[in-house]
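Step one of this worksheet: look at the structure below.
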Amino acid sequence: MIDKLEYLIALAREKHFGRAAEACHVSQPTLSSAIRQLEDALGAPLVERGSRFIGFTAEGEKALDWARRIVGDHRAMRDDVASMRRGLTGHLRLAVIPTALPMVSRLTTAFSERWPDVKLSIFSRNSAEALRLLENLEIDACLTYLDNEPLGKVAATPLYRERYHLVTGGDGPFAGRETITWAEVGRIPLCLLTPDMQNRRIIDHLFAEVGLTAEAKLESNSIMVLAAHVRTGRWSSVMPRILAEALGLHAPSIAVIPIVEPEEFHTIGLVTTARDLRPPLIEALTAEARRLAPSLGDAA
């Protein structure tokens, strides 16, 4: 039964029978047959079928929710029992939003020092992608915003708050300023993250609060691309101070100026699947996040 539920989750993830079968290392007829057997066992059609995968029925969506819960609990049980014999080992997969990438090493380094036999994989993803991966059990946890857009049914551990700064040339017109307003920043040609990034949506909302639209002269989904342009001294961007510092954007060549009116913070935290009994790896990572949080504060 667990295999059949795994196939259902893979189909939700891949939205294609062939790709789902390949991901599960079975033939497409084997996967299709298993899902039909699951439909027979539940007494309801789960998949809308045509010449290709169309989607899930209402019953299929409900079955998918249960499948994710049961498969997640099965994996947690397996890992929990294994940890009793071998100690904490395994593979921990994290998705991290781009603006939190400089901070994730604080968490993973502390975790790895405490649990050296655990392998870590870190993926840079936007907030929507990270939550989708978590829902489909493709990752174990993510670092993302906690207070800006709905997260769904998850467990969240706050880590730090993000504050926004203008990052601009150190010899430009704003050099020496202690603060700058969003209204002023909104009139500057900027290089910003693309609109699919939650950080960009936050920035757009803050500009809208003062009646402006950000003039994004250059957009990229890569923080490194923005940093490379700002480093020339001819471009400006908006990012948290901790991110600018981690990218080597600091005085005297670069000015990092707090943006006010409004002065707004957003919380970044560790997000995991909500369940009564969590896998030992997730429990250990969450405990490490709680230990680390007081030292971060309003780090960004």
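The values are calculated or read from the model by the stated rules, or taken from the named source; none is laboratory data. Just so you know, these numbers come straight off a predicted model, no measurement behind them. Positions of Cβ are generated from backbone atoms using ideal geometry, with glycine treated the same way; all protein chains shown enter the neighbour counts.
Miscellaneous remarks
- Hey, Glu263 in contact (Cβ under 8 Å) with a residue 24 or more places away in the chain, charged (D, E, K, R) and not in a strand (DSSP E or B) or not: yes
- Residues of the range 243-256 that are crowded, with 21+ Cβ neighbours inside 10 Å and not in a loop (DSSP other than H, G, I, E, B): Leu243, Ala244, Ile254, Ala255.
- Screening Leu120 with (1) within 18 Å of the chain's Cα centre (by Cα); (2) more than 22 Å from Pro102 (Cβ to Cβ) gives one miss only, at (2).
- Residues that are crowded, with 21+ Cβ neighbours inside 10 Å and among the acidic types (Asp, Glu), drawn from the range 118-148: Asp140
- Hits in the range 5-40 - residues which are farther than 22 Å from Arg132 by Cβ and touching a residue at least 12 places away in the same chain (Cβ under 8 Å): Val26, Ser32, Ala34, Gln37, Leu38
- Search result, residues across the range 3-24 that are exposed (fewer than 15 other Cβ atoms within 10 Å of the Cβ) and either more than 27 Å from the chain's Cα centre (by Cα) or in the same structural domain as Leu134 (by TED's automatic domain parsing) (or both): Asp3, Gly18
- Selection of the range 41-62 for residues being touching a residue at least 40 places away in the same chain (Cβ under 8 Å) and either of a type in the set (Lys, Arg) or touching a Phe, Trp or Tyr at 6+ places or on another chain (Cβ under 8 Å) (or both) yields only Phe53.
Residues checked against (1) in a strand (DSSP E or B); (2) closer than 23 Å to Thr273 by Cα:
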position: Leu131; (1), (2): no, yes
position: Gly152; (1), (2): no, yes
position: Arg163; (1), (2): yes, no
position: Gly172; (1), (2): no, no
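- Cβ pairs under 8 Å, 6+ apart, first in the range 119-141 and within 15 Å of Asn221 (Cα to Cα), second of a type in the set (Gly, Ala, Ser): Phe123/Ala95; Ser124/Ala95; Arg125/Ala95; Glu129/Ala95; Ala130/Ala95
- Whichever residue in the range 261-291 is within 30 Å of Trp182 (Cβ to Cβ) and touching a strand residue (DSSP E or B) at 6+ places or on another chain (Cβ under 6 Å) and, among such residues, is surrounded by the most Cβ atoms within 10 Å (Cβ to Cβ): Leu270
- Some residue of the range 197-207 being assigned to a loop (DSSP other than H, G, I, E, B) and either within 24 Å of the chain's Cα centre (by Cα) or over 24 Å from Leu101 (Cβ atoms) (or both): yes
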